[in-house]
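*Asks:* Here you go, one structure.
The values are calculated or read from the model by the stated rules, or taken from the named source; none is laboratory data. Owing to the predicted nature of the structure, the values given are computational and were not obtained by experimental measurement. When we count neighbours, we look across all protein chains shown, and the Cβ atoms used for this are built from the backbone with ideal geometry, even at glycine. Just so you know, the surface numbers come from the protein's heavy atoms only, side chains and all, with ligands and any DNA or RNA stripped out. Shrake-Rupley method; radii C 1.70, N 1.55, O 1.52, S 1.80 Å.
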Amino acid sequence: MNIRGMVLLLILAGPTLGQTVDPKVTLAEKKRVEVINKVKPSVVAVMARDGNGNLTGNGSGVLIDEEGYCLTNWHVTNAARSPLLKCGLPDGHIYDAVLVGLDRVGDVALIKLLPKNPGDKFPYAKMGDSDEVRAGDWSLAMGNPFSLATDFTPTVTFGLVSGVHRYQYPAGTLLEYTDCIQIDTSINPGNSGGPLFNMNGELIGINGRGSFEKRGRVNSGVGYAISINQIKNFLGHLRVGLETDHASLGASMESEGDDGGIARIVVKSLIESDARRRGLEVGDQILSFAGRPVTTVNQYKNVLGLYPKGWRMPLVFRRENEKREVLVRLMGVQRELMTDRPNAPPRPQPQPGGPPRPPAPKGPPPPSAKFYKFKEGGFSNYYFNEVAQNRVLDTLKKTSDFTTQHGDWTLKFSGKMLAGLGAGRNMTAMFLIKETGVADGKSPKILADIDGLDFPLEPLNVQERPDAFKDPPESGGFVLAIFLYRQLLAYGGKGFTREFHHGGVEPYYPPSNDENPDYSKIRVMAEVLRGKYAHVETRWYFALEDDKEGRWKKGHLIGFEVTPDKDEDPCEVCLSSYKDINGKQLPTNWFVRRGDRPYVDLKLDSLTAK
């Protein structure tokens with residue numbers, strides 16, 4: 001026997017008689033087994049059915065709450081070729097499930113398992129903080145590789161975190177893995193969508209991508225997990241049935257740096273975008289985005305990919321010796337991903353969920369079918385969007401029910417002008433909204449008196465002058481905003497002529513008295529309803545929790561935006577200080593701004609509705 005064989009024999013034989021195992025090793029093993037047993041019930045085998053009704057292995061997932069919501073990969077649900085799924089849990093049972101939301105770029109999907117009995121709760125994994133993960137940490141991957149879990153008991157692998165904040169170029173036109181976690185913890189085909197845990201049993205990522213040798217598809221020791229902190233930013237969109245998009249700044253960057261100098265990135269090109277409206281120009285140096293310093297293009301792409309399209313995030317840039325911080329509304333990324341990238345390095349391929357699925361079996365629809373509703377226009381499952389819309393509007397109705405008052409409205413304000421030559425002057429404003437005020441006797445009309453000046457508006461008149469929708473000047477459309485506020489309160493979603501839906505969760509930034517506010521401290525997260533009245537887009541922000549300063553309660557409308565011209569800044573109305581007015585809970589403080597310029601600070605004195 002050679003020396004290598006003798007060493008191997010000794011290793012396999014374990015401790016010899018008289019030797020003891022280090023108690024720390026025994027304790028670590030015990031803790032690891034306890035963690036595995038704690039999280040194992042939350043691990044899901046995600047499946048589809050073949051043409052004969054047989055269940056077929058497809059991928060993995062993990063439950064994240066007691067209601068049965070489960071994270072997996074987009075490419076897992078895409079391979080199933082149906083929004084109606086079957087899922088197995090380690091309890092040995094098969095559950096019907098339905099697709100809820102999709103993130104094609106980030107390779108994430110949210111599905112929902114249906115309980116066997118109404119009211120039953122599911123075991124779930126606690127989400128951790130992936131920003132706390134460091135290279136060298138131990139990790140656990142769990143799932144259903146090669147469809148081995150025929151009884152739905154997941155396979156467990158144990159290994160190291162090899163790297164953090166990794167960027168992986170898109171595979172094809174989608175699947176751009178940003179700020180992801182690199183692991184040597186073994187994952188294989190079928191692990192896709194399964195959980196990556198830390199040693200406290202906290203969910204830190206969703207496994208989805210690996211590098212494999214071409215022969216036999218053997219794992220080469222490199223896998224990638226989508227960070228749970230990235231997924232948290234998209235969960236508000238996924239839960240309401242949206243098909244999300246990732247962020248783009250509307251600018252391309254390039255790295256610069258003198259020999260031995262500090263690396264930096266500068267703006268190489270810029271398209272028409274909110275970033276340009278906020279003052280960003282070609283040649284500006286980017287210092288940080290969303291609070292994270294960036295000195296390379298790789299870092300910039302990593303942090304940008306953490307956020308959904310439409311969010312507003314702080315951007316810090318330098319021009320010559322002047323540093324500026326602005327809030328930028330983010331554009332989408334999918335159009336950019338469709339372009340060629342000839343200089344991109346080779347792309348690791350996403351783990352396939354299995355072979356292409358045959359057509360779904362014939363016969364009566366499964367119970368999950370009643371939880372699915374198709375609608376074009378950015379929805380993966382409109383059923384959940386309608387549920388979310390109704391929930392938000394029902395809460396609004398409980399405090400401010402105007403649903404039977406569709407007649408004329410009068411709103412009176414007093415306050416202070418903040419823009420133009422009259423800045424600092426006290427003023428009053430009155431708005432009369434006539435339900436059928438135009439000559440045809442059918443369409444609405446607004447008569448506004450603001451600081452002694454008249455601003456009439458017929459919002460449905462195709463002959464109306466374009467600037468009337470933006471009146472008063474410098475406000476971005478405050479007259480129109482008052483009318484649309486009335487539409488929401490009186491009609492709900494039916495008050496918008498073209499579109500109305502739940503838009504997920506976004507950051508909202510209330511007014512600050514600081515000249516240079518800390519956006520990370522004043523930011524609150526809010527549910528968003530989005531509506532379109534004729535050509536005008538609107539956003540309505542509702543508080544997710546009570547304000548610590550007492551400015552609003554959970555469910556209150558805390559602000560809204562009206563965009564008469566998509567190429568210009570919207571009129572933003574910030575609402576606070578709710579009080580009883582004629583039996584209704586209404587915001588009495590109205591702060592109006594356009595972009596980064598305040599327009600007026602008002603107090604609602606009265607609202608009369610018929």
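*Asks:* Just one of (i) 25.7; (ii) 26.9; (iii) 28.2 is Kirkwood radius over Cα pairs in Å calculated from these coordinates, so which is it?
*Replies:* Answer label, from the structure shown: (ii).
*Asks:* Return the distance in nm (one decimal) between the two label points of a simple spin-label model at Ala263 and Asp440, each offset 7 Å from Cα along Cα→Cβ.
*Replies:* 6.0
*Asks:* Once label points are set 7 Å from the Cα along Cα→Cβ at both Asp567 and Asn461, what is their separation, rounded to one decimal in nm?
*Replies:* According to this spin-label approximation, the distance is 2.5 nm.
*Asks:* What's the magnitude of the charge dipole for segment 393-508 around its Cα centre, counting Lys and Arg as +1 and Asp and Glu as -1 at the beta-carbon? Answer in Debye, nearest 20.
*Replies:* Value, rounded to 20: 220 debye.
*Asks:* Taking the Cα centre of each part, how many Å lie between segment 243-294 and segment 547-596?
*Replies:* 31
*Asks:* To continue, here is another question. Output the pairs from Lys126/Lys548; Lys375/Lys579; Lys416/Lys579 with a Cα-Cα distance over 29 Å in this structure; if there are none, say none.
*Replies:* Beyond 29 Å: Lys375/Lys579.
*Asks:* How large, in percent, is the carbon and sulfur part of the accessible surface of segment 398-449 at a probe radius of 1.4 Å? Before the final figure, lay out each step's value.
*Replies:* Numbers: 1390 of 2690 Å².
Carbon with sulfur: 52 percent of the solvent-accessible area.
*Asks:* Got a sec? Charge dipole of the chain, +1 on Cβ for Lys and Arg, -1 for Asp and Glu; which of Ala419, His237, Ile558 is way out at the positive end?
*Replies:* His237
*Asks:* Which stretch or stretches of segment 186-203 have amide N atoms under 18 Å from the point lying 7 Å from Lys30's Cα along the Cα→Cβ direction?
*Replies:* Hits in segment 186-203 for Lys30 at 18 Å: 200-201.
*Asks:* Put +1 on the Cβ of every Lys and Arg and -1 on every Asp and Glu Cβ in the chain; which of Ser130, Leu99, Gly407 then has its Cα farthest towards the positive end of the dipole?
*Replies:* Of Ser130, Leu99, Gly407, it is Leu99.
*Asks:* Follow-up question, since we're still on this one. How large is the dipole of segment 553-609 about the Cα centre if only Lys and Arg carry +1 and Asp and Glu carry -1, each at its Cβ, rounded to the nearest 20 debye? Walk me through the numbers before you get to the answer.
*Replies:* Details: 9 positive and 10 negative charges, 86 e Å.
Its charge dipole is roughly 420 debye.
*Asks:* While we're looking at this one, here's another question. Rounded to the nearest whole Å², what accessible area per residue is found for segment 376-455 with the 1.4 Å probe?
*Replies:* Result: 51 Å² of accessible area for each residue.
*Asks:* Please list, in order along segment 177-184, the HN-Hα scalar couplings obtained from phi with the Karplus expression 6.51 cos²θ - 1.76 cosθ + 1.60 (θ = phi - 60°), rounded to whole Hz, x for Gly and Pro.
*Replies:* Ordered by residue, 3J(HN,Hα) equals 8, 10, 6, 8, 9, 8, 9, 9 Hz.
*Asks:* What's the local net charge at Phe469, with K and R +1, D and E -1, over the other residues with C-beta under 13 Å away?
*Replies:* Local charge sum for Phe469: -4.
*Asks:* Where in the chain lies the longest segment free of GluC sites (Glu not before Pro) that are both loop residues by DSSP (not H, G, I, E, B) and have at most 11 other Cβ atoms within 10 Å?
*Replies:* That would be 1-271.
*Asks:* All other residues with a Cβ under 9 Å from the Cβ of Phe500 taken together, and with Lys, Arg as +1 and Asp, Glu as -1, what is their net charge?
*Replies:* Details: positive: Lys494, Arg498, Arg530, Lys532; negative: Glu499.
Summing Lys and Arg as +1 and Asp and Glu as -1 gives +3.
*Asks:* Any chance you could list P(r) for segment 220-290, counting all Cα-Cα pairs in 5 angstrom bins from zero, rounded to whole %?
*Replies:* 3, 12, 16, 14, 13, 17, 15, 6, 3, 1
*Asks:* Additional query: Report the extension gain between Asp131 and Phe158 in nm, rounded to one decimal, defined as 0.36 nm multiplied by the number of residues separating them, less their alpha carbon distance.
*Replies:* 7.7 nm
*Asks:* Using a 1.4 angstrom probe, figure out how much accessible area segment 79-202 has per residue, in square angstrom, rounded to the nearest whole.
*Replies:* On the way: 4500 Å² over 124 residues.
Accessible area per residue, segment 79-202: 36 Å².
*Asks:* Taking the dipole about the Cα centre of the chain, with the C-beta of Lys and Arg at +1 and of Asp and Glu at -1, give me whichever of Tyr307, Ile181, Leu453 is farthest to the positive side.
*Replies:* Positive-end residue among those listed: Ile181.
*Asks:* Okay, next question. Reachable lysines from Lys373, Cα under 20 Å, same-chain residues fewer than 8 places away excluded?
*Replies:* Excluding near neighbours in sequence, the set is Lys86, Lys112, Lys362, Lys494.
*Asks:* Let me ask something else about it. Against the globular-protein guess of 2.2 N^0.38 Å, express the Cα radius of gyration of segment 78-187 as a ratio, rounded to two decimals.
*Replies:* 1.24
*Asks:* For the chain, find the longest principal axis of its Cα atoms and tell me its angle to the long axis of helix 382-399, 0 to 90°, nearest 10.
*Replies:* 50
*Asks:* Work out the FRET efficiency for Phe374 and Asn117 from their Cβ-Cβ distance, taking R0 = 22 Å, and round it to the nearest 0.05.
*Replies:* Numbers: r = 28 Å, r/R0 = 1.28.
E between Phe374 and Asn117, to the nearest 0.05, is 0.20.
*Asks:* While we're here: Please give the per residue volume of the convex hull enclosing the alpha carbon atoms of segment 84-125, rounded to a whole number of Å³.
*Replies:* 92
*Asks:* Nothing charged except the Cβ atoms of Lys and Arg (+1) and of Asp and Glu (-1): what's the magnitude of the dipole of the chain about its Cα centre? Round to the nearest 20 debye.
*Replies:* Numbers: 76 positive and 73 negative charges, 305 e Å.
So the magnitude is around 1460 debye.
*Asks:* Accessible area of Lys375, 1.4 Å probe, to the nearest 10 Å²?
*Replies:* Around 60 Å² of this residue is reachable by solvent.
*Asks:* How much accessible area per residue does segment 465-602 have, in Å², with a 1.4 Å probe?
*Replies:* Per residue, segment 465-602 has 42 Å² of solvent-accessible surface.
*Asks:* Short version: ³J(HN,Hα) in whole Hz for each residue of segment 432-442, in order, from phi by Karplus 6.51 cos²θ - 1.76 cosθ + 1.60 (θ = phi - 60°), x for Gly and Pro, what are they?
*Replies:* Computed from phi, the couplings for segment 432-442 are 10, 9, 9, 4, 9, x, 8, 4, 6, x, 10 Hz.
*Asks:* Once both axes come from the Cα atoms, what is the angle between helix 23-39 and the longest principal axis of the chain, in degrees from 0 to 90, rounded to 10?
*Replies:* 50
*Asks:* Now for a separate question. Within segment 26-161, what whole-number % of the accessible surface is contributed by carbon and sulfur, with the 1.4 Å probe and all protein chains included in the calculation?
*Replies:* Roughly 51 percent of what the probe reaches on segment 26-161 is carbon or sulfur.
*Asks:* Can you tell me the length gained on complete extension of the stretch Asn426 to Trp138, counting 0.36 nm per residue apart and subtracting the Cα distance?
*Replies:* Roughly 97.4 nm would be gained on extension.
*Asks:* Separate question: Probe radius 1.4 Å, ligands and nucleic acids left out: which of His406, His501 has the largest accessible area, and how do the rest follow?
*Replies:* Listed by decreasing accessible area, they come as His406, His501.
*Asks:* Next up: I want the local charge near Ile446. Using Cβ-Cβ distances under 10 Å, sum +1 for each Lys or Arg and -1 for each Asp or Glu among the other residues. Don't skip to the answer; put the middle values down first.
*Replies:* Working: positive: Lys434, Lys445, Arg486; negative: Glu458, Asp471.
Surrounding charge for Ile446 is +1.
*Asks:* Just to be sure I understand the model, the point goes 7 Å from the Cα along the line to the Cβ. What's the resulting Thr20 to Ala534 distance in nm?
*Replies:* About 8.6 nm, to one decimal.
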